[in-house]
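Student: Sharing a structure below in structure tokens format, with a few things to ask.
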Amino acid sequence: MQTPRELLTAAAIGAMAGQHKVHALNPNAVRTSKSLGDATGLTQIGVHLVTVLPGHDSTEYHRHVYEEEFIYVLSGRGTAVIDGQMHAVAAGDFMGFPRDGVAHGLSNTGTEPLVCLVGGQRLEQDVCDYPHQNKRLYINGTQEDLVDVMHIKP
């Protein structure tokens, strides 16, 4: 019997090629990502197996205005920055970030790869703030416009 598209076995996930990604606003945010959601046909939520090597960040410190996201640490150790406060995280820890919530980021401060299950909504429109960069990203489908916060007029 053939395995259905909706089922990814551990062997299939292990055999998946990971995508090497570097965040456009943070050259230290280097990760390898396997999109489990894409592989199973999910279109409204993204689910990714993310690996961050020691000394690297998973992304740039940010917050979403409309999308929600989560991180579940599967293995390794790191430091989460949540609303400007640093917190040690390790296997079994969960972080959930509601829409219009606080800014957050994650770094691998351990000695082994930090492996996380990361998921979130895939809305057609979103706004993402990068407080350390003083930038705001407007997302409208495939169009993304990054602006300096100082140029935003109320």
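Student: Just one of (1) open to solvent by 20 Å² or more (accessible area, probe 1.4 Å); (2) within 13 Å of the chain's Cα centre (by Cα) trips up GLY119, so point out which.
Tutor: Single failed check for GLY119: (1).
Student: Still on this structure, I have one more. Could you check ARG31 against (1) under 23 Å from ALA15 (Cβ atoms); (2) open to solvent by less than 50 Å² (accessible area, probe 1.4 Å); (3) basic (Lys, Arg) and say which number it fails?
Tutor: With respect to (1) under 23 Å from ALA15 (Cβ atoms); (2) open to solvent by less than 50 Å² (accessible area, probe 1.4 Å); (3) basic (Lys, Arg), ARG31 is out only on (2).
Student: Please return the ranges of strands (runs of 3 or more DSSP E) entirely within the range 1-93 where 1 or more residues are in contact with a Gly (Cβ under 6 Å, 6 or more places away or on another chain) and at pLDDT 95 or above.
Tutor: It comes to 26-35, 45-52, 69-75, 77-82, 85-90.
Student: I need the full set of residues from the range 99-112 which are of a type outside the set (Gly, Ala, Ser), open to solvent by less than 60 Å² (accessible area, probe 1.4 Å) and farther than 16 Å from TYR66 by Cα, in order please.
Tutor: Selection gives LEU106, ASN108.
Student: If the requirement is being open to solvent by 20 Å² or more (accessible area, probe 1.4 Å), under 12 Å from the mean Cα position of the chain (by Cα) and not hydroxyl-bearing (Ser, Thr, Tyr), which of these qualifies: GLY96, GLY141, GLY84?
Tutor: Exactly one residue qualifies, and that residue is GLY96.
The values are calculated or read from the model by the stated rules, or taken from the named source; none is laboratory data. Small disclaimer: the values here were computed from a predicted structure and weren't measured. Here Cβ is always computed from backbone atoms with ideal geometry, including for glycine, and neighbour counts include all displayed protein chains. Ligands, DNA and RNA are stripped out before the accessible areas are found, and what is left, the full protein with its side chains, is counted by its heavy atoms. Shrake-Rupley method; radii C 1.70, N 1.55, O 1.52, S 1.80 Å.
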